[in-house]
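The values are calculated or read from the model by the stated rules, or taken from the named source; none is laboratory data. Bear in mind that the values here come from a model prediction, so they are computed numbers and not experimental data. A quick note on method: Cβ atoms are made from the backbone with ideal geometry, for glycine too, and the neighbour counts reach across all protein chains shown. Ligands, DNA and RNA are excluded from the accessible area calculation, which covers all protein heavy atoms including side chains. Shrake-Rupley method; radii C 1.70, N 1.55, O 1.52, S 1.80 Å.
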Amino acid sequence: MNEQSGSGSAGQHRVADYRYHTLVVTVENKSGVLARLSALFSRRGFNIESLAVAPTDDERFSRVTVVVDLESAPLEQIIKQLDKLVNVVNIRELHPGHAVERELMIVTVSAGPDRRDELVEQLDRAGGKVLSVGADAMMLSLVGPPARIDEFEELLRQYGIIELQRTGRVALANLDEDD
Amino acid sequence: MKMDGGQALIRALELEGVDVLFGLPGGAILPVYDPIIDSSIRHILVRHEQGAGHMAEGYAHATGRPGVVMVTSGPGATNIVTPLCDAHLDSVPMVAITGQVPFAAIGTDAFQECDTTGITQSVTKHNFLVAEAQDIPRTIKEAFHIATTGRPGPVLVDIPKDIVDPDNPRSALEWTDDVEIDLPGYSPQTDADPVAIVAAADLIRAAERPVLYVGGGILKARAAEALRQLAELTGIHVVTTLMARGAFPDSHELCLGMPGMHGNFTAVTAMQESDLLIALGARFDDRVTGRLDGFAQGAKIVHVDIDAAELGKVRRPDVAILSDCRVAIEALVVELASNGIGGVNRGAWRSRVNGWQENFPLSYERTQGGDEIKPQMVIEKLRDSTPDDTIVASGVGQHQMWASQYWSFEHPYTWINSGGLGTMGFSIPAAIGAKVGCPDKMVWAVDGDGCFQMTAQELVTATVEKIPIKVALLNNSYLGMVRQWQEMFYGERYSEVSLSKDVPDYKAWAESMGCVAMRVDSPEEIDAAITNANEVDDRPVVIDFRVAAAEKVYPMVPSGASNSDLLVSPSQQDQQ
Ligand SMILES: Cc1ncc(C[n+]2csc(CCOP(=O)(O)OP(=O)(O)O)c2C)c(N)n1
Ligand SMILES: [Mg+2]
């Protein structure tokens, strides 16, 4: 069974209004390819919300998951221009309602002994993990749909975020929705 | 077979059919210059690398074969950025080989190191930094494949010195004849979708006021003959953009000439009033459309292009055909010939078009003997005293527009200019490249005095290499096009547009570069000068035509205005 996808839990969040769209771009695993992608985005004025790159099971290729801002350019132009890059092998457009999207956040929040229990309880409810505990702070991690990460980040603000790092999203199409 | 990288590079170029390199050596590319001595490839030594780049473009425009440039690292590479960008915007097939510092030194700010692939990424169709000597033959093959297929363009191959230097073990390689290209992300589509062809044909059948809007892609696709068949079969008028002059004969009764900012009234207005624009290898450039929301508002659009990103980039087509232009046009011709061209009576439209042609021909105020020379008159006289298949290369400015307007282009590949980038200094090196590619054709450069001063040193190259081009310098002692804008749109406040009337002495300068040179001050001297120039066949010729400084290019669509607000020449304005 599929977990809930990003848009499923997003409600009024940004994923649901489809201003942002996820593209999964398979590129040749060669030096300079990421620079070509980002140069294209800046030269054509395409704004990107996040970008995640990693090797694939085939060592000749890497996969780039890029969330594009459709207010800056029409999706069709973005895809067509990307496709013109010689090192781009394949582009998959993941409709927000039909994909599983995940993001990882690690975050250090200030939390002295008095607030730890409450924080851990909320973390458990969100499905996160405690990575490390210091005198006045805790380091946590959470994996989930980007919207849930947004919500949790919001919730952590009341404790005080000392340092935060998000990976940007990665995504795969839902099972049985492929053509 | 054992070889070093330099030998392999030259061998790979020979296998691609390269017959000429335009270039200039230096430290990082030195090892590749040695095997050139033993190669059948001709090398033309330029005086500035920008010249090499434009020569390669001129060669490619005239012959359809990719032009090849070879330069050193650092400043050699940065000097070709302008021609690369020019070729990129005008889809000119070109391969540039640049030297680079040794692989291990990359990133250390070594002498004459620059990030050539980084700098040229956005001005090339693709570029490569070759890491190993063994990769050279395959990379060269890939570069030519990319440069010449799909939408053509410039490709750069950056070669670190150590992999071509015979004294370095990293340059050793085993040559094999059967290298295969490996480009999993590159496969341009060339075949037109038959469903789209039928849909386009249906729109054509139903159109009352159709216009064939023809761009440079027609020439790249070698589709001039197919276009002619389509136009004649359907009786539809043709406009040829600045990049497509010559793709359809100007003397043809269906030819309306050039549209756009300085297009003629009929071409611009026919597009504006059209109910169907059939865009063939054209990209709805702002210089053609004028203000976009005022452009051909009542027209449906059929758009044929080999670059998917052009379809819908500027104007959403009703029928988009992703295809090589020739393939698509031939398919359209077959479809229309077998299933009929439709029965719409276009008589009323034709008489409107004829009326515009009669009332608003291109025009300028002619002068008599003894008066000033009108630049348009020089173009007309050149046109009338040169062979039909003369190649004309122009610079950028007023003279470019007059050349495009007043020449009569009867054959494809006879007009060579810098359309997309608008690069001053293009004409002399481009004319040289064209003459190298087509030594049996007469080649005239139409140049401005501003442009001439940017690349004139390549006339030394032309003299030394015995490339007898001819240059008509329309010398108005101004950066004339900028002057025109200041006169019309900046309240006649002239800022930094005056070039000296006295220096340089163009005749003396040209002679010092080994050219035959003449100066023409009045209209009655024009013919004799051109006749003399046409007879010179062993060296370049330059004619310094002293032309009227205040002349403006008409018609004109002011920048940002709609094409419906075209300004015709002052003598026609009361009829408008
Ligand atoms: C390299 C470059 N710099 C500046 C310009 C802007 N520009 C366009 S036309 C022009 C004037 C060209 O002068 P000239 O060659 O004398 O031609 P004219 O317009 O007088 O015929 C200038 C400066 C340009 N197109 N290219
Ligand atoms: Mg001038």
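Can you bin the range B:194-359 into rounded, prolate or oblate? Criterion: square roots of the alpha carbon gyration tensor eigenvalues sorted a ≥ b ≥ c, rounded for a/c under 1.5, prolate for a/b above b/c, oblate for the rest.
Working: a/c = 1.31, a/b = 1.10, b/c = 1.19.
Because its axes are fairly even, with a/c under 1.5, the range B:194-359 counts as rounded.
For a label point 7 Å from the Cα of residue A:38 along Cα→C-beta, name the residues of the range A:132-176 whose backbone N is under 16 Å from it.
In the range A:132-176, the label zone of residue A:38 (backbone N under 16 Å from the point 7 Å along Cα→Cβ) covers A:166-169.
Could you please state, rounded to a whole Å, how far the C-alpha centre of the range A:101-126 is from the C-alpha centre of the range A:131-154?
5 Å
Please report the relative contact order for the range B:1-77, taking Cα pairs under 8 Å with a sequence separation of at least 6, and give it as a percent rounded to a whole number. Before the final figure, lay out the partial values.
Working: 97 pairs, mean separation 28.9, N = 77.
RCO, the range B:1-77: 38 percent.
Return a whole-number percent for the relative contact order of chain B, with Cα pairs under 8 Å and 6 or more residues apart as the contact set.
Values: 1316 pairs, mean separation 82.1, N = 576.
Reported as a whole number, the value is 14 percent.
Using θ = phi - 60° and the Karplus relation 6.51 cos²θ - 1.76 cosθ + 1.60, list the HN-Hα couplings for the range A:87-98 in order, rounded to whole Hz, with x at every Gly or Pro.
7, 8, 8, 7, 10, 10, 9, 9, 5, x, x, 10
Which value, in debye to the nearest 20, describes the size of the charge dipole of the protein assembly as shown about its Cα centre when Lys and Arg Cβ atoms bear +1, Asp and Glu Cβ atoms bear -1, and nothing else is charged?
On the way: 64 positive and 105 negative charges, 193 e Å.
The dipole of the protein assembly as shown has a size of about 920 debye.
Add +1 for every Lys or Arg and -1 for every Asp or Glu among the other residues with Cβ under 14 Å from the Cβ of residue B:241, and state the total. Don't skip to the answer; put the middle values down first.
Numbers: positive: B:220, B:245, B:283, B:287; negative: B:90, B:250, B:285, B:286, B:305, B:310.
Taking every Cβ under 14 Å from that of residue B:241, the sum is -2.
Once you compute Rg and the Kirkwood Rh from C-alpha atoms, what is the Rg to Rh ratio for the range B:375-553? Provide the component values of the computation, followed by the final result.
Working: Rg = 15.1 Å, Rh = 16.0 Å.
For the range B:375-553, the value is 0.94.
Could you look at chain B and say what percent of its accessible area is carbon and sulfur, using a 1.4 Å probe and all protein chains? Kindly include the intermediate steps, with their values, before the conclusion.
Working: 10350 of 21060 Å².
Ligands and nucleic acids excluded, carbon and sulfur reach 49 percent.
Can you pull out the chymotrypsin sites (Phe, Trp or Tyr not before Pro) in the range B:480-552 that DSSP calls coil and that have at most 14 other Cβ atoms within 10 Å?
Working: sites: B:485, B:489, B:490, B:494, B:506, B:509, B:545; in loops: B:490, B:494.
Answer by residue number: B:490, B:494.
Which one of B:467, B:323, B:529 has its Cα pushed farthest toward the positive end of the charge dipole of chain B, where Lys and Arg give +1 and Asp and Glu give -1 at the Cβ?
So the residue we want is B:323.
Ratio to report: Rg/Rh of chain A, with Cα atoms as the point set and Rh obtained by the Kirkwood method; give two decimals. Working shown, then result.
Values: Rg = 18.1 Å, Rh = 17.7 Å.
Rg/Rh: 1.03.
Name the residues of the range A:65-110 whose accessible area falls by at least 20 Å² when all protein chains are present instead of the chain alone, probe 1.4 Å?
Buried on complex formation: A:76, A:77, A:80, A:84, A:86, A:89.
Counting pairs of alpha carbon atoms under 8 Å apart in space and at least six apart in sequence, what relative contact order in percent does the range A:44-179 give?
Values: 195 pairs, mean separation 40.1, N = 136.
Relative contact order here is 29 percent.
Using the structure shown, list the pairs from B:2/B:141; B:141/B:435; B:161/B:435 with a Cα-Cα distance above 22 Å, or answer none. Show your work: numbers first, answer last.
On the way: B:2/B:141 19 Å; B:141/B:435 26 Å; B:161/B:435 32 Å.
Going by Cα-Cα distance, B:141/B:435; B:161/B:435 fall outside the 22 Å limit.
Extension gain residue B:511-residue B:208, at 0.36 nm per residue separation less the Cα-Cα distance, in nm? Intermediate results must be reported in sequence, preceding the final value.
On the way: separation 303, 0.36 × 303 = 109.08 nm, distance 5.72 nm.
The span from residue B:511 to residue B:208 would gain 103.4 nm if fully extended.
Residues of the range B:162-197 losing 40 Å² or more of accessible area relative to the isolated chain, 1.4 Å probe, heavy atoms only?
By number: B:184, B:185.
Given a 1.4 Å probe and heavy atoms of the protein chains only, how would you sort B:521, B:191, largest accessible area at the top?
Values: B:521 70, B:191 100 Å².
My answer, sorted largest first, is B:191, B:521.
Name the long-range amide H neighbours of residue B:42: under 5 Å, sequence gap of 5 or more, or other chain; modelled H, no Pro or chain starts.
B:20, B:21
If R₀ is 51 angstrom, what is the calculated FRET efficiency for the pair residue A:158 and residue A:47, using the beta carbon separation as r and rounding to 0.05? Provide the component values of the computation, followed by the final result.
Details: r = 30 Å, r/R0 = 0.59.
Given R0 = 51 Å and the Cβ-Cβ separation, E is 0.95.
So which GluC sites (Glu not before Pro) in the range A:30-94 end up in coil per DSSP with only 10 or fewer other C-beta atoms within 10 Å?
On the way: sites: A:49, A:59, A:71, A:76, A:93; in loops: A:59, A:71.
Answer in residue order: A:59, A:71.
Could you run the Karplus curve 6.51 cos²θ - 1.76 cosθ + 1.60 with θ = phi - 60° over the range B:426-438 and give me ³J(HN,Hα) per residue in whole Hz, x for Gly and Pro?
6, 5, 5, x, 5, 5, 4, x, 5, 5, 5, x, 10
What residues of the range B:409-440 lie in the reach of a label at residue B:496, counting those whose backbone N is under 17 Å from a point 7 Å from the Cα along Cα→Cβ?
B:424
Would you please give the residues with an amide H less than 5 Å from that of residue B:547, counting only those at least 5 places away or on a separate chain, with H modeled from the backbone geometry?
Those lying under 5 Å, H to H, from residue B:547 are B:475, B:476.
Using only C-alpha positions, report the orientation-averaged shadow area of the convex hull of the protein assembly as shown, nm², one decimal. Display every interim value, and only then the final one.
Numbers: hull surface 159.0 nm².
Dividing the Cα hull surface by four gives the mean projection, 39.7 nm².
Note the full-extension length gain between residue B:532 and residue B:233 as 0.36 nm times their separation in residues minus their Cα-Cα distance, in nm to one decimal. Walk me through the numbers before you get to the answer.
On the way: separation 299, 0.36 × 299 = 107.64 nm, distance 4.33 nm.
Length gained, residue B:532 through residue B:233: 103.3 nm.
May I ask for the net charge around residue B:417, where only other residues with Cβ less than 12 Å from the Cβ of residue B:417 are counted and Lys, Arg are +1 while Asp, Glu are -1? Don't skip to the end; give the middle numbers.
Details: positive: B:245; negative: B:57, B:86, B:90, B:447.
Within the 12 Å Cβ shell, the charges total -3.
Please turn the phi angles of the range B:125-139 into ³J(HN,Hα) values with the Karplus equation 6.51 cos²θ - 1.76 cosθ + 1.60 (θ = phi - 60°), one per residue in order, whole Hz, x for glycine and proline.
5, 6, 9, 10, 10, 8, 8, 10, 4, 4, 7, 4, x, 5, 5
Say R0 is 41 Å: what FRET efficiency, to the nearest 0.05, do residue A:71 and residue B:337 get from their beta-carbon distance? Don't jump to the answer; show the numbers that get you there.
On the way: r = 47 Å, r/R0 = 1.14.
Efficiency computed from Cβ-Cβ geometry: 0.30.
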